[in-house]
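The values are calculated or read from the model by the stated rules, or taken from the named source; none is laboratory data. Everything numeric here is computed off the predicted structure, so don't read it as measured data. Every residue, glycine as well, gets a Cβ built from its backbone with ideal geometry; the counts of neighbours run over all protein chains shown.
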Amino acid sequence: MSNYKNWKDLVKSAFADFGRNKTRTALTSLGITIGVLSVVLLIALGLGLKNYINQQFESLGANLVMVMPGNAFSSEGGGMRSMGTSFMGITFTEQDYLALNRIGDIDYLTPMFIKSGVVEANNKQKTGYIEGGNEDMPKLMGLEMIIGEFFTKADVQSRSKKVVLGYTLAETLFGDPKDAYGKSVNVDNQRYRVIGVTDKKGDPDMDDALLMPYKTTFGTINPDKTFYAIYAGISSKDKVSQVKEEMKQTLLKKYKKDEFSVVEQTEILDTINQIFGVINAVLVAIGSISLLVGGIGIMNIMYATVTERTKEIGIRRAIGATQKDIMMQFLAESVTLSILGGILGLLIAALLV
Amino acid sequence: MLLKLQNVYKTYNLGEEGVHAVEDVSLDIKEKEFVSILGTSGSGKSTLMYLIGLLEQPTSGKIFLEGKDVSKLSDNQLSLIRNNTVGFIFQQFNLISKFTVLENIMMPAGYSKGKLDFDPKIRALELLKRFKMLERKDFFPNKISGGQQQRVAIARALLMKPKLILADEPTGNLDSKTGEEILKLLEELNKEEKVTIILVTHDREIAKRTKRQIYIKDGLIVDKYI
C-alpha cells in the first residue's frame, strides 16, 4: 500500500494549497507559533531565573558554610514558617564570631553586616549596600580586585576608615571605576578612603557594595554591633561536616537549636532548585495551554477546509484516490502547518531569548 | 463484454421512504463501444454513471467489469479500478485550479498503487502534443479556454490507458463549435485508442452521434426517449 506517492509530494501539494490561501495559512499557524513561543519563553524564563540564582551561589567561594538565624534552609525544618523566622530571628554578635574563630579547621571566617545607605562622592550620590566584614571576605566571596587591595587584619583591628567599592558603585560615582582609587567617599557624614575596587560580579549585593572592616561599622553605622550571618570557609571538603557539627555545638551554648542554622551553600542550592523545579512545571503547564489552543485552532480550520473542498475531494476520488489517500493529504497539510508554526515560534523565541 | 449490470438498484433513504434513483437496471456494454445514456435531469442518469464509474455501490444487484463482480469490493479495490480502468470527463471540467495543466494530467499517476509500464510525464506530454496544447502545459486552468480545459480533462482521463471513459455532459459548458470539436475528439479516441466511451447527456442531438443509445427515465431503462 503506497500513499499519494510519498511525503515529499504530499507536502508539496500542501504548500501549493497554502499559496492560494495565504491569510488563512498565516492565521492558522499563528496559533501554534504563539503556543510554541510561550512555551519556549516561559521555560527560558524559569531556567534563566534558576541559572541566575545558581550563579550567585557559585560566585561565592567553595565549601562555604553559612551561619544564619532561624532554620530556613536546614533539611529537617524548611517551609514557609521557618522562612519567616529567618527575617525576624536572632542576630549574631562579635563574641559568636570569636567563639567560632577558635575552631581549628576553619580556614576563613568573617562576620557579615549589611545595611543600605547613601554613598556620596564627587558631588554625586548613590544608594548602595554598606557591608562590614574582615580581611577574609575576598576569599569567601570570590572577590577580585581591579585596582588597589583589600583591607588587612590590621585595618580591621584599628577600625581604619578604609573601604573597598563594588564595581558599579565606583562606576556611578567616579565614571571610570579605577578613578575611585585613593579618593574619598562620605557615608552618614563620615569620610572614608577608597583603597580598592572589586571586579564586576553581576550580583547587585556585591557590585553596589561599599565594604569596610566590621569594627569600623560599630560607630554610627552598626551601633548594636550585630551581624546577620557568619561565613566560614573550609578548604578540605572531607572536614566540612565535622566542622559544621563543631560550629553547631559552639553556638548551642548560647542559642536554642532552632534559633540558628549552619548550612552549606549546596543545601541552600538544593532547596532553591526544588522550588524552581515546581515553578518551571507550572510555567510549562501554562505554555502548554496556549499550545493546545493553537492545536485546536488548526483542527477547526482543517475541519472547515474539508467541507470547503468537497469538490476537490470528489475529483481526487474519481481519479483513483482512496479514502486513506484523502485523509493523508489533509493530515499532511495539518502537520505541515503545525511544523511551520512551530519553527516560526522557535525562530521568534531564538530572537527574543 | 466490458461492462454488465444485473438488476441494479440504488436506493436513497429520504425520511421514512426509500427513493429508487436507479431501479432494476440491466445492461451490457461491449468493448470499444461508443454508447450514450440519454435522460432528463433527475432521470437517474447521473446515479447510473456513478454506479458504472464505481463511485457509488449498488443497493442490490450486480455490476461486472471485465467479467469481475465489482459490486461488493472494498474502497481500496474500487479506487484501484477507478485509477487504472476508468477515466472521467465532467461538464465542469473539474481540473484542480492550484495545479498546472501538466500537473493536472499527471495526477492519476500519483494514486497508482503498482509500478507503471510507462513514464506518466512522457505520456502526459504526448497527449498534450496530440491535443495541440503542448505550449499550454505550464498554464493554470483559469488561464485557458473552456475547450482547452476540457481537452486537458480528457488527457487526464486517458493518462492511465483506461478501458472505459465516462463522459458526463462533456459539451454542456461549451459553445456549439467547441462542443463539436470535443465530440470529434471523443469519436477519434474511440476509433483509434480502442477505448469504450459512455456519453451521458440529456441532448438527443449529441446522443445521436453514438452508435447506440440507452434511454433512462425515472430510474428505469426505457425503449424510447420521450
Determine, yes or no, whether A:T310 is assigned by TED's automatic domain parsing to the domain that holds A:S38 and loosely packed, with under 12 Cβ neighbours inside 10 Å. yes
Which of the following residues is farther than 23 Å from B:E103 by Cβ and of a type outside the set (S, T, N, Q): B:K191, B:K143? B:K191
Criterion (over 26 Å from the mean Cα position of the chain (by Cα), part of a strand (DSSP E or B) and in contact (Cβ under 8 Å) with a residue 60 or more places away in the chain) met by exactly one of A:V163, A:V118: A:V118
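Okay, residues lined up against (1) more than 9 Å from B:I89 (Cβ to Cβ); (2) in contact with a Phe, Trp or Tyr (Cβ under 7 Å, 6 or more places away or on another chain); (3) not in a helix (DSSP H, G or I); (4) not hydroxyl-bearing (S, T, Y):
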{"position": "B:Q148", "(1), (2), (3), (4)": "yes, no, no, yes"}
{"position": "B:M160", "(1), (2), (3), (4)": "yes, no, yes, yes"}
{"position": "B:L166", "(1), (2), (3), (4)": "no, yes, yes, yes"}
{"position": "B:T178", "(1), (2), (3), (4)": "yes, no, no, no"}
{"position": "B:E181", "(1), (2), (3), (4)": "yes, no, no, yes"}
{"position": "B:L186", "(1), (2), (3), (4)": "no, no, no, yes"}
Sort out which residues of the range B:101-120 are more than 10 Å from chain A (Cβ to nearest Cβ) and either crowded, with 19+ Cβ neighbours inside 10 Å or outside any loop (DSSP other than H, G, I, E, B) (or both), and write them in order of number. B:V101, B:L102, B:I105, B:M106, B:P120
Within the range B:72-90, considering residues that are in a loop (DSSP other than H, G, I, E, B) and surrounded by fewer than 18 Cβ atoms within 10 Å (Cβ to Cβ), the one farthest from the other protein chains (Cβ to nearest Cβ): B:K72
Working only within the range A:149-160, note down all residues that are of a type outside the set (F, W, Y) and crowded, with 18+ Cβ neighbours inside 10 Å. A:D155, A:V156, A:S160
Tell me which residues, restricted to the range B:49-71, are in a loop (DSSP other than H, G, I, E, B) and either among the basic types (K, R) or at negative phi (or both). B:G53, B:L55, B:E56, B:Q57, B:P58, B:T59, B:V70, B:S71
A:Q329: passes all of (1) without any contact (Cβ under 8 Å) to a residue 24 or more places away in the chain; (2) under 30 Å from A:G19 (Cβ atoms) but (1)
